[in-house]
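Peer 1: After the structure tokens below, expect a handful of questions from me.
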Amino acid sequence: MLTIRTKEQLKKAKKMKVEEFVVIGKLAEDLKKAEQIKNLSKKSVIILGAAVGAGAAAAPFTFGSSMAVSTVIAGAATGGLTAATISAAITVGGIALVFSIYKNYEEIDAKVGGNLLQFRLRKKQK
């Protein structure tokens, strides 16, 4: 069973269409926090990505305040996602990656306890 700890490993597993894998640690925590992204439409994912991208591009010139503003605007435009959900998705590797993971994989089980968080994902059967 493939164990994934980093966003690079997650991107690679998705690209290689791995059938089943376990996500652990901080990445698992962030991926779980970003789970609401799965409820968005493709159009909303595009809007959200564009808003966050624009905020990131302007951040050096606004001393970072544009990131907060773009996150709030994006949350409002996409059905009220929280800043924490959006931030978690960005940390995992991007909004589109999180959306794709939740659309193409299903959670089989999760283990939470102390500092341990892990969950197993399997490719959805069509």
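Peer 1: Under 9 Å between Cβ atoms, which residue pairs at least 6 apart in sequence (or on different chains) link something in the stretch 103-114 that is closer than 15 Å to Val18 by Cα with a partner that is loosely packed, with under 11 Cβ neighbours inside 10 Å?
Peer 2: Here the result reads Lys103/Lys124; Asn104/Lys17; Asn104/Lys124; Tyr105/Lys124; Glu106/Lys124; Glu106/Gln125, each pair linking the stretch 103-114 to a residue that is loosely packed, with under 11 Cβ neighbours inside 10 Å.
Peer 1: Cβ-Cβ below 7 Å, separation at least six or inter-chain, first residue in the stretch 25-36 and farther than 16 Å from Lys14 by Cα, second outside any helix (DSSP H, G or I) and of a type in the set (D, E, K, R): which pairs?
Peer 2: As it stands, the answer is Gly25/Arg5, since those pairs meet every condition given.
Peer 1: Out of Glu8, Glu20, which single residue is modelled with pLDDT of 85 or more, touching a strand residue (DSSP E or B) at 6+ places or on another chain (Cβ under 8 Å) and surrounded by fewer than 19 Cβ atoms within 10 Å (Cβ to Cβ)?
Peer 2: On the way: Glu8 fails: touching a strand residue (DSSP E or B) at 6+ places or on another chain (Cβ under 8 Å).
So the residue among Glu8, Glu20 that is modelled with pLDDT of 85 or more, touching a strand residue (DSSP E or B) at 6+ places or on another chain (Cβ under 8 Å) and surrounded by fewer than 19 Cβ atoms within 10 Å (Cβ to Cβ) is Glu20.
Here's the yes/no breakdown for (1) at pLDDT below 85; (2) under 27 Å from Lys15 (Cβ atoms); (3) among the hydroxyl-bearing types (Ser, Thr, Tyr):
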position: Val52; (1), (2), (3): yes, yes, no
position: Ala56; (1), (2), (3): yes, yes, no
position: Phe61; (1), (2), (3): yes, no, no
position: Thr82; (1), (2), (3): yes, no, yes
position: Thr91; (1), (2), (3): yes, yes, yes
position: Ile101; (1), (2), (3): no, yes, no
position: Asn104; (1), (2), (3): no, yes, no
position: Gly114; (1), (2), (3): yes, no, no
position: Lys124; (1), (2), (3): no, yes, no
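Peer 1: Give all pairs with beta carbons closer than 6 Å in which a residue from the stretch 13-24 that is closer than 15 Å to Tyr102 by Cβ meets a residue that is among the aliphatic types (A, V, I, L, M) and outside any strand (DSSP E or B); count only pairs at least 6 apart in sequence or on separate chains.
Peer 2: The qualifying pairs are Phe21/Ala13; Val23/Leu31.
The values are calculated or read from the model by the stated rules, or taken from the named source; none is laboratory data. It should be emphasised that the depicted structure is a prediction, and the values quoted were computed from it without experimental measurement. Cβ: placed from backbone, ideal geometry, glycine included. Neighbour counts: every protein chain shown.
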